[in-house]
Every structure is written in C-alpha cells, then in structure tokens.
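Novice: Before anything else, here's the structure in question.
The values are calculated or read from the model by the stated rules, or taken from the named source; none is laboratory data. Keep in mind the model is a prediction, meaning the values are calculated, not measured. Cβ: placed from backbone, ideal geometry, glycine included. Neighbour counts: every protein chain shown.
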Amino acid sequence: MDIHEYQAKERFIGAGLPVPPGEVATTADEAEAIASKYGGAVMVKAQVHAGGRGKAGGVKYCKDAAEAREHASNILGMDIKGLTVEKVLVTPAEDIESEAYVGVLVDRSTQSATFMVSPEGGMDIEEVAEKQPEAIRRLAVDPRYGLLPHQAYWLANFLYADKGHVKQATKVVSQLYDAFVDSGASMTEINPLITTPEGDIKAIDAKMSIDDNELFRRPEVAAMRDTSSEPPSEIKAREAGLSYVKLDGNVGCCVNGAGLAMATMDLVKYYGGEPANFLDIGGSSNPDKVVAALEIITSDPNVKAILFNIFGGITRCDDVANGIVEATQRIDIQVPIVIRLTGTNEEKALEILEEAGFSAYTSMDDVVEKAVQLAQD
Amino acid sequence: MSIFIDSDTKLVVQGITGRDGSFHTSQMIEYGTQVVAGVTPGKGGQSFEGPDGEKVPIYNGMDQAVAETGANTSVIYVPPAFAGGAILEAADAGVDLVVAITEGIPVLDMARAHAFARDKGVRVLGPNCPGLISPGKSKVGILPAQIVAEGPIGVVSRSGTLTYEAVFQLTNVGLGQTTCVGIGGDPLIGTNFIDCLEAFENDPETTAVVMIGEIGGTDEQEAAEYVSQNMSKPVVGFIAGQTAPPGRRMGHAGAIISGSAGTAEEKMKAFEDNGIAVAKRPADIVGLIQEALA
C-alpha cells in the first residue's frame, strides 16, 4: 500500500527526522490561508500516488499566499497519470544548497532491508543507478542486529564531506531506518535530502510503501489508505478477500491461484484477446466468493465474456461446479460464461455444469479460445 | 530417489489443530507421510486423530516434539502473525527442513527468520508455498496427491495451481515425477530455483526438470545461468505474467514488475539464451519434455 507524501512525513516526524512544517489543503482558500500563516514563499505539492508529479505540473513554487492560492486552484482537480488530485501539501519553500538521496527497501537478493544512498539527489534513483552506478552506496542491514551506528556513519560519509553535515546525516539515516521498521514499510525514500545555506539538513520530500502483510498489526498505518485513487471494483475485491487487478480488455477471468490466473491472462492474449482483469478466487468452493467475483467482473462494462479456469486439487471439481451453479443462479449475468474445470472429480463436475446449461471444458486452451471468440462476437 | 523429502521423513505439524492444519494433516497421513507429532501451544498432551484412527501426539513446543519423536522436518500452518515465530522455533529445535505454507507473513519477519535459519543450517521452503511431494514416498504441504505419479521428472515452481496444471498434464501422458516442489510466491523465500535445480541434478533418478517461474525479481534469470553452467539434464521453462502491468502485485506478494525489471519477457529471454526450452503455453510443457527425453 502506497501512502502520500504528507502521510510519510508524519511517519518521519514520529521518528524524529528533520521535516519542514506543512499542512494539507483540499481547496484554494485553505492553501492560501496556510501559506499566509507561514509567510514568505511556499511550495504547493499535489498529493497523488504517481511518480513524476513535478514534470506533470503538480509541484509549484509560490512567492506568496496569493500565488499559492492560484497554483492550488490549478493543481486541485488536475489529472496526473489518470489520477485526480484531491489534496495539496503546502510547505515553506527552502533554500537549497545541495540535494542527496537516502532510501531503504526490502531487497530480494540480500533478503534484508537494504539502504541506497547517493549524493546525486533530486532525480530518479533508477536513473542514477543506470548512468552513475558509482554514485550509489548500498548497505544490507542484518535483520538480527538492525542498523549499527558505524554503518549509519559509513552511509552518511558517502553523502557529505562537511563534519557537521555528516553528523546530522548519520542521525537521519538511523531515524529513517526506525521509520521504515516502525511503519512496516517495504520501501521508503527521502529525495531530496537537502542542505541549506545555514548548514541544516532537511527531508523535503518523502515516499513510503507499506507491506500489505503488516497492516493487520498497524491499524494507525492501515487508516492512511486513500481509496479515492482506486477503482471501486478493486476496493470491493479487497473487502471480499479476493486478489483482483483491473485491466483494459474484454475477457473477464476468474481463476483459482495467482500463477494460473496470470497464465490464463497470457493465454487470452495468445489467442488474440485481451484480459479484462486478474482475479484469484483462491482455493474454496464457497458460492459467496464466486458471487462476489462475478459481481466485480460484471461491474466492468467492457467485459463481453467471462471465463472460469479452475484446477481442482484438494478442492474437488464437483464442489467447485456446484458453487458456480449456485452463484450464477443468485445473480443475473448478461454476458456468456464458459467454464473449464480439471483435476480431481472432473467428470462429475462436467456433468453438473452441462446439466445447468453451461459450456464446460477440460482443456485450458479450448476454453480460452472460446472466451476470446465470444468476446469478439 | 527424490529431493528434500522421502519415506524416511518424520514430520511435525505446527498448527495441527487449526482448520487447515488438521485437514491437511489427515491428507498427509492418508498419503503415507510419517506424521510423528503436532504442535499447538496450550494443547500439549492431547492427540490428533488421523483418518484411520491413528494417534498423533500434540506438544506445546517444538523442542519437546523433536526431542521425543525424532522429527526431522516441520510444516507450518500457523496464521501469519505467528508464522515467522514458528519458523524460528522450528529452526531452533533442530529439524533439517521447515516448510512454511502460510501466506501473508510480514516481509521483515521473514528477513529475520531466513537469517536465523541460515545460521542454524536449516533449510526453509516458502513461505506462501504449497509444499512438496515425492510421489510414492512422502508429501509435506497441500499439493493434491491424486494428480501426481512416480517417475523421472523434477518439477519446481513459484506457483500452486499452475504447478498442479503442469504436473497433471505430465501424469496424464505417463510422465511421473521424482519430486514436485513449490518454492513460494513471496519476495523473500528460503529455497530458490537454483537450490532445487542443484538437488535435481544430483538426484540420479531425475532425468529432466520443469521450471515454472513468474514475473518479479531475478531468481529465474540467475537459475537460467546456473542451468547453462552446471546442469547436464534438460530443463523446460515456463513464465507466467506476460500480460501483467508494471507496478501491480499479481496475487503473490513477489509477483510484481518494479520499474522495468522482472518482466516475463526478460525471464523468457534469459531461459532461451541459456539453452532452456521455453513453453509458450502451459500445454506445450509436456511436448517439450518429451522432445528433450527423446
């Protein structure tokens, strides 16, 4: 789960990181009022879950409160990569002497939280990694000990030459690690971490993604979820405990298991169609889950055909077939449904489905080809 | 032969009294797995009754279960909040292999558990995996026994049902398996493709391997290089997620394209560049294995 900059900054402040003051506005009036309170120049920054906010015109320098009002009114309601801006962060503009990058993420190869720091801040770290790999220092944090003081110092030393800066940055690095762990994050970054003419170090931007598996034990972080940028179908799926991703095609897919669901989408494409979604209904034959899945799939007006691809392993095919039959009797569906079931008790399952008037298959290729054809008709 | 588990495997089930734990314990006993103990804190002294009235003793802790039964493998059906701790406990009790079925364990819990298990020299399979089965010998986890058969093919996969799909097709044409291993869909897993490939290469009865990967990470790319440098046996590969959009998690916590890295295209190319025959569809796997063995 991604959280907004202003929320990440709340987490940072909780860990003691030097973050300039800021407040969130949802109207131009509010933005103006916040700016006049700070006095002087401010930044107005769009709060959306998309990278490249600056390039899209969502981050503006404003010399006074009147300009803050003007920019806020332009940015609020603006579309950035398909997302509507509903909030802006208003924060005093800082004098910037230098920009660095400090980030932590869970790295697969080291199997631990891993720092990346670079004196080349202010740009995308992937770009730095590609063009100047020598400008990045990495450190895998041993999960048994956490970040050790000399390691934080070693990272800070890579960023700055000035003793005062290094001292402050050492603290920043270790506070960022605390914020990362205490938030149950999978990624967090400060880009840029600035130095000011007064010699201070400040985190003027903040990014954080939370590990979804941590949310159950961190209700205060879970409450930061912003559903305004999610399609309603994905919100409904999450509430129903289904794993669902909306796509742009017209073949609705209902599959048990994530790997098989991906392979089914790929096969739709192979036969010349486009999948409308990824959906994993899991291993149960519970009709309620199937009903929820069908409601979610059919809420997408692009869907012209629905295909089920079920492998019955521990869950027997005949149970799943009964679940599908019951579910389809409970809701009214306007598009054709084709079903493939294979595995344990598949013959019995096919009988049940054919009796209920469904086209049933045992081959994954046959059912996908049929669904693609039905969606094109 | 087989890899990681065989008829000598003595299993303890952590979370044996839970809904999933008890159901799958019965399934494993029915298949012939030696289930020697169960662990559920607070239920020590009770026993679990198998499908034919077999009595499996339940202990409060892993140390006691291992000391009294000589168990060498554990399987975990404990809820996500406690599963990381259950892995630590199993590794500390001195089993050789811990199979973590649980999905949804916080990733930082797993970072700690993996480091701890490595220190203890304990192999972890998973988490978020279906476990493994050595047909005719032993089954640890949730793989459906009805779809496997004894034979010469090794199967290793990040997925559950997609693996079953491939295994069932193999079984239907008479190609049985030495061992089928699900390594799990999480970003941090204890046993990776290379570990399994190495074991299959060293297993005299395995003649060919099916490797099923998916988007996210670089495990498949590294495995591909391993195959070209270290394996004499043919490997057939499949990658799921060619149509997955970047930045979206596709069910499995580890199935995500970050930026432009970890795509299906990149993995399939790594397979091809390293002499691994790539199945374009799951239905092509069987044909490619038959070709490789011809």
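Novice: Tell me which of these residue A:243 doesn't satisfy, since it passes every other one: (1) at pLDDT 95 or above; (2) of a type in the set (S, T, N, Q); (3) within 21 Å of the chain's Cα centre (by Cα).
Specialist: Condition (1) is where residue A:243 drops out.
Novice: Separate question: Looking at residue B:75 and the list (1) within 13 Å of the chain's Cα centre (by Cα); (2) under 30 Å from residue A:188 (Cα atoms); (3) outside any loop (DSSP other than H, G, I, E, B), which single condition is not satisfied?
Specialist: Just one mismatch for residue B:75, condition (2).
Novice: So which of B:220, B:291, B:272, B:265 is over 19 Å from the mean Cα position of the chain (by Cα), within 13 Å of chain A (Cβ to nearest Cβ) and not in a loop (DSSP other than H, G, I, E, B)? Steps first, answer last, please.
Specialist: Values: B:220 fails: over 19 Å from the mean Cα position of the chain (by Cα); B:291 fails: within 13 Å of chain A (Cβ to nearest Cβ); B:272 fails: within 13 Å of chain A (Cβ to nearest Cβ).
The conditions single out B:265.
Novice: Let me ask something else. Residue A:122 passes all but one of (1) assigned to a loop (DSSP other than H, G, I, E, B); (2) surrounded by fewer than 20 Cβ atoms within 10 Å (Cβ to Cβ); (3) within 14 Å of chain B (Cβ to nearest Cβ); which number fails?
Specialist: (3)
Novice: In this structure, is residue B:257 among the β-branched types (Val, Ile, Thr) and within 20 Å of residue B:182 (Cβ to Cβ)?
Specialist: no
Novice: Of the residues B:148, B:210, B:236, B:167, only one is buried (at least 24 other Cβ atoms within 10 Å of the Cβ), modelled with pLDDT of 95 or more, more than 14 Å from chain A (Cβ to nearest Cβ) and touching a strand residue (DSSP E or B) at 6+ places or on another chain (Cβ under 8 Å); which?
Specialist: B:236
Novice: Of the conditions (1) surrounded by fewer than 24 Cβ atoms within 10 Å (Cβ to Cβ); (2) more than 30 Å from residue B:279 (Cβ to Cβ); (3) within 11 Å of chain B (Cβ to nearest Cβ); (4) touching a strand residue (DSSP E or B) at 6+ places or on another chain (Cβ under 9 Å), residue A:215 satisfies every one except a single condition; which number is it?
Specialist: The failed condition is (4).
Novice: While we're looking at this one, here's another question. Anything in the range A:55-100 that is basic (Lys, Arg) and on the phi < 0 side of the Ramachandran plot? List them, or say none. Please lay out each step first, then the result.
Specialist: So in the range A:55-100, the residues basic (Lys, Arg) come out as A:55, A:60, A:63, A:69, A:81, A:87.
A:55, A:60, A:63, A:69, A:87, listed by residue number.
Novice: Can we say residue B:80 is surrounded by 16 or more Cβ atoms within 10 Å (Cβ to Cβ), free of Cβ contacts under 8 Å to residues at least 24 places away in the same chain and either in contact with a Phe, Trp or Tyr (Cβ under 7 Å, 6 or more places away or on another chain) or not β-branched (Val, Ile, Thr) (or both)?
Specialist: So residue B:80 does not fit the description; no.
Novice: Quick check: anything in the range A:329-338 touching an Asp or Glu at 6+ places or on another chain (Cβ under 7 Å), modelled with pLDDT under 90, in a loop (DSSP other than H, G, I, E, B) and over 30 Å from residue B:141 (Cβ atoms)?
Specialist: Scanning the range A:329-338 turns up at least one residue that is touching an Asp or Glu at 6+ places or on another chain (Cβ under 7 Å), modelled with pLDDT under 90, in a loop (DSSP other than H, G, I, E, B) and over 30 Å from residue B:141 (Cβ atoms).
Novice: Would you point out which residue out of A:142, A:182 is among the acidic types (Asp, Glu) and either free of Cβ contacts under 8 Å to residues at least 60 places away in the same chain or more than 11 Å from chain B (Cβ to nearest Cβ) (or both)?
Specialist: A:142
Novice: For the structure I just gave you, tell me whether residue B:115 is within 10 Å of chain A (Cβ to nearest Cβ), within 22 Å of residue B:80 (Cα to Cα), without any contact (Cβ under 8 Å) to a residue 40 or more places away in the chain and not β-branched (Val, Ile, Thr).
Specialist: yes
Novice: If you go through the range B:275-288 one residue at a time, how many are exposed (fewer than 15 other Cβ atoms within 10 Å of the Cβ) and not in a loop (DSSP other than H, G, I, E, B)?
Specialist: Selection size over the range B:275-288: 1.
Novice: What is the one condition in (1) over 16 Å from residue A:331 (Cα atoms); (2) touching a residue at least 24 places away in the same chain (Cβ under 8 Å); (3) out of contact with any helix residue (DSSP H, G or I) (no Cβ under 7 Å at 6 or more places or on another chain) that residue A:269 does not satisfy?
Specialist: (2)
Novice: Would you confirm, using the coordinates I've provided, whether residue B:177 is away from every other protein chain (no Cβ under 13 Å) and without any contact (Cβ under 8 Å) to a residue 24 or more places away in the chain?
Specialist: Details: away from every other protein chain (no Cβ under 13 Å): yes; without any contact (Cβ under 8 Å) to a residue 24 or more places away in the chain: no.
The answer is no for residue B:177.
Novice: On to the next question. Checking residue B:92 against (1) within 14 Å of chain A (Cβ to nearest Cβ); (2) within 21 Å of residue B:19 (Cα to Cα); (3) part of a helix (DSSP H, G or I): exactly one of these is not met. Which one?
Specialist: Result: residue B:92 passes all but (2).
Novice: How many residues does the range B:250-262 hold that are more than 11 Å from residue B:220 (Cβ to Cβ) and either at the interface with chain A (Cβ under 7 Å from one of its Cβ atoms) or crowded, with 18+ Cβ neighbours inside 10 Å (or both)?
Specialist: Total satisfying the criteria: 9.
Novice: Further question on the same structure: Pick from the range A:218-228 the residues that are among the charged types (D, E, K, R) and farther than 18 Å from residue A:15 by Cβ: which of them is modelled with the highest pLDDT?
Specialist: This residue is A:225.
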